[in-house]
Amino acid sequence: MRRLAMTGLTLLLLGACASQPEDARGVGFGDYNQHLAQERAERDAALAGRQPQTVLPPAREERTDIAALAEGAIDEAEGVTPAPAQRVGGNSSISDEQDFEAVAGRESIESDAERLQRMQEQRVEIAPTAVPDRPGATGPNIIEYALTTSNPVGNQVFRRSPFGQGRHERNCLAYRSDDLAQEAFLSMGGPERDRQALDPDGDGYACGWDPTVYRDAAAAARNQ
């Protein structure tokens, strides 16, 4: 790979030499226009009988160092990773706490202990507070209703019209859950009245709502 890189550098230099005009080769000038200007200055000086002045080459723009490019191409061909460029004026707002070398270079056991002590002094403990009481005007409480009843699901307790069965399924689909259906049922006069046919079997539970889960939870809390 190094031989290929050197070959490419040689071809690049040969191409640069071949681009010069034929008339400018061997005259000691890198620019043919400079050569013509020097000849014109010598001719004018001979006519005027004075010493000719040397025409200095015009200032050229800074060009890329071909040797540096070739060295970089050789390093890349050999798999050598170039040294990273130094950052100037980095962003000081970015934390380097995850950089082990950076932290280890400026921190010590004593400084860690001091920082931990400062953090402990700044710690604020928030005492727990009691949960506020539930407002009274929030609608029916289905948990309280479940704990104050004892009849199982399907056991009729209240009288119902035999004509409400056809509306039962359609009206229950309007509620996203059985709990919401039971709350609506109690808020509309249930369990004694059932205007929307949510409880056609008269057990006091709307749309298949089951109070057993709340009763079991209360019993488990009492047994603890």
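Given the Cα-Cα distance of residue 120 and residue 222 and 0.36 nm per residue of separation, how much length would full extension add, in nm? Before the final figure, lay out the partial values.
Details: separation 102, 0.36 × 102 = 36.72 nm, distance 4.08 nm.
So the chain would gain 32.6 nm between residue 120 and residue 222.
Once both labels are modelled 7 Å past Cα along the beta-carbon direction, what's the residue 127-residue 213 spacing in nm?
Spacing of the two 7 Å Cα→Cβ label points: 3.7 nm.
Give me the orientation-averaged projected area of the Cα convex hull of region 122-224, in nm², one decimal. Intermediate values should be presented prior to the final figure.
Values: hull surface 39.4 nm².
Directional mean of the projected Cα hull area for region 122-224 stands at 9.9 nm².
Using only the C-alpha atoms of region 157-217, find the volume of their convex hull and express it per residue in Å³.
Values: hull volume 4.6 nm³, N = 61.
It is 75 Å³ per residue.
Read the figures in this text as sums done on the coordinates, not as results from a lab. Owing to the predicted nature of the structure, the values given are computational and were not obtained by experimental measurement. For neighbour counting, all protein chains shown are included, and Cβ atoms are generated from backbone atoms with ideal geometry for every residue, glycine included.
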